[in-house]
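Report on the following structure.
The values are calculated or read from the model by the stated rules, or taken from the named source; none is laboratory data. Note that the structure is a prediction, hence the values are computed from the model and not measured. When we count neighbours, we look across all protein chains shown, and the Cβ atoms used for this are built from the backbone with ideal geometry, even at glycine.
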Amino acid sequence: MTQVAEPAIDTTDAASPTPGRVSHWIGGRLVAGRSGRQGDVYDPATGVVARTVDFASADEVDQAVAAASAAFPAWRATSLSKRTEILFRIRNVVEQRRHELAAHLTAEHGKVPSDALGEIARGIENLEFACGIPNLLKGGFTEQASTGVDVYQIRQPLGVVAGITPFNFPAMVPMWMFATAIATGNTFILKPSEKDPSAANFLAELLAEAGVPDGVFNVVHGDKVAVDAILEHPDIAAVSFVGSTPIARHIYETGTKAGKRVQALGGAKNHMIVLPDADIEMAADAAVSAAYGSAGERCMAISVVVAVGEVADSLVDAITLRLPRIKVGPGSDPDAEMGPLVTREHRDKVASYLESGPAQGAELVVDGRQHVLYQEGQGFFLGLSLLDKVRPEMECYRNEIFGPVLEIVRVPTYAEAVALINDNPYGNGTAIFTRDGGVARQFQFEVNAGMVGINVPIPVPVAYYSFGGWKSSLFGDLHMYGPEGIQFYTRAKIVTSRWPDPGTSKVDLGFPRTR
């Protein structure tokens, strides 16, 4: 393995990492924070503080950047075959220890084990894609572009890059980012959500076990101080972000102003159209699965079902019939299908829409506040909720609820359904349920969203395509992972070469020509 220079990490007066405390991972080892600031990490199922997490200062972010900068020259020079070997080992060790990683997700995010394992499986797909990096980085070559002149293109890494990731996918979204970033020769700094930080450190340990050199992958924990330090640091070349739209806009504007390449994925309000010819049972199953999985804390969750024409009553009845069958409970319950929300504050904000929606004219068909775990439990639970007869001017429709609340909007025609989606400020994902292939094709042609499902409610692309929305769901011109991820983490270099041929060289002050 290519040796990496040992970065200078200032540990003067630094306390040693302690159990119950989530510290930074810099230069291949745990480094306890020195800022004096920490945050509480809760078990969402019990409402109890389970551990604390260090909050990095700007100086500590600078230490991580220094470690990544020191590691970059040797990692960039590491052969593609060696990088590929390490990436395969990363993929294998994550797969082998996926249950341990899933336990971190359940403990700090609250999602049930089956959902946590599903998240990890989708992340592993991105590791597998990155294992093909020798093929993905192939350039182009043109022989004899001019007499005796060849032209070719190569793609080279940017340097130190950073990822700022959300609480709802603490394992998958980092794998979306770092797999491609380090495969293409960059070194990486991860700033995970402070709400569920332990998965990031566990991933760091797995990467070290797989042979990733010290400093190639680093983790700094924290809040806005750490984020702003990343955005302003002159030695960070690019930033990837997933989170809410207001923060995504701030990340994009601040990062690009500082001269960085930025991709910032924002919020969503994903609509699912159900036409009168659809299979109602299939559509109801899909709506329930897509709306309430992971307690609705998914940027690709279906939050609005658009019922067209006479399908509305039967569809609402079919959805309502399914809700009592969903078992809500902690991840420790093997029968639980939906867990708690991530924090009490977020749970209460989601529940507030069950007040404002009916106050503005919506019909509350199922009230999740009636669930026993909401009323009597200490955790951050809210039962499955259903709002019917929602209108676009209502607060519950205009905002991204990000919880287990499904809304039904009724429209008379397909054209009005599409107009509703296209008029929405978000454009992440959308879906249509129909048996009519012509209508489905027309929908994919005219809908303004980045990811479209036809009888598929959550159209998250496979790893060899790219993930990203339109409108206020994405700031930047390149989507995440897949082919566009390769573009994001590299830059093109065009080489024009001529080898000496005695007797053919002469002085020519004219503009170079290709003839």
Search result, residues across region 450-485 that are aliphatic (A, V, I, L, M) and either buried (at least 22 other Cβ atoms within 10 Å of the Cβ) or within 28 Å of Met282 (Cα to Cα) (or both): Met451, Val452, Ile454, Val456, Ile458, Val460, Val462, Ala463, Leu474, Met480
Could you give every pair whose Cβ atoms fall below 7 Å, whose first residue belongs to region 372-389 and is closer than 24 Å to Val316 by Cα and assigned to a loop (DSSP other than H, G, I, E, B), and whose second residue is modelled with pLDDT of 95 or more and among the polar types (S, T, N, Q), counting only separations of at least 6 or pairs across chains? Gly383/Gln370
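Kindly indicate whether any position in region 73-91 is closer than 22 Å to Ala199 by Cβ, surrounded by fewer than 20 Cβ atoms within 10 Å (Cβ to Cβ), in contact (Cβ under 8 Å) with a residue 24 or more places away in the chain and in the same structural domain as Val219 (by TED's automatic domain parsing).
Scanning region 73-91, I find at least one residue that is closer than 22 Å to Ala199 by Cβ, surrounded by fewer than 20 Cβ atoms within 10 Å (Cβ to Cβ), in contact (Cβ under 8 Å) with a residue 24 or more places away in the chain and in the same structural domain as Val219 (by TED's automatic domain parsing), so the answer is yes.
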Go through region 433-454 residue by residue and tally those that are in contact with a strand residue (DSSP E or B) (Cβ under 8 Å, 6 or more places away or on another chain), without any contact (Cβ under 8 Å) to a residue 24 or more places away in the chain and closer than 17 Å to Asp279 by Cβ. 2
For region 399-413, indicate whether the set of residues that are among the charged types (D, E, K, R), at pLDDT 95 or above and farther than 30 Å from Tyr374 by Cβ is non-empty. no
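So which of Arg322, Arg298 is of a type outside the set (Asp, Glu), closer than 22 Å to Asp367 by Cα and assigned to a loop (DSSP other than H, G, I, E, B)?
The unique qualifying residue is Arg298.
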The lone condition Gly267 fails out of (1) over 19 Å from the mean Cα position of the chain (by Cα); (2) within 17 Å of Asn428 (Cβ to Cβ) is (1)
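Here's the yes/no breakdown for (1) closer than 24 Å to Lys257 by Cα; (2) in contact (Cβ under 8 Å) with a residue 60 or more places away in the chain; (3) touching a Lys or Arg at 6+ places or on another chain (Cβ under 8 Å):
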| residue | (1), (2), (3) |
| --- | --- |
| Phe467 | no, yes, no |
| Met480 | yes, yes, no |
| Pro483 | no, yes, no |
| Pro502 | no, no, no |
Considering only region 465-515, state which residues are among the acidic types (Asp, Glu) and more than 35 Å from the chain's Cα centre (by Cα). Asp501, Asp508
Sole residue being more than 18 Å from Pro170 (Cβ to Cβ), at pLDDT 95 or above and not polar (S, T, N, Q), chosen from Val227, Val219, Val242, Val212: Val212
Of the conditions (1) in contact (Cβ under 8 Å) with a residue 40 or more places away in the chain; (2) surrounded by fewer than 21 Cβ atoms within 10 Å (Cβ to Cβ); (3) not aliphatic (A, V, I, L, M), Gly215 clears all except one; give me its number. (2)
Give Glu393, Glu345 a once-over and let me know the one that is surrounded by fewer than 19 Cβ atoms within 10 Å (Cβ to Cβ), in a loop (DSSP other than H, G, I, E, B) and not aromatic (Phe, Trp, Tyr). Glu393
Residues of region 173-206 classified as surrounded by fewer than 24 Cβ atoms within 10 Å (Cβ to Cβ) and among the hydrophobic types (A, V, I, L, M, F, W, C), total: 3
Having 3 or more residues that are modelled with pLDDT of 95 or more, touching a Gly at 6+ places or on another chain (Cβ under 8 Å) and under 27 Å from Arg29 (Cβ atoms) is the bar; report the helices (runs of 4 or more DSSP H) wholly within region 50-152 that clear it. 58-77, 80-96
His221 is checked against (1) more than 27 Å from Asp40 (Cβ to Cβ); (2) more than 16 Å from the chain's Cα centre (by Cα) and fails just one. What number does that condition carry? (1)
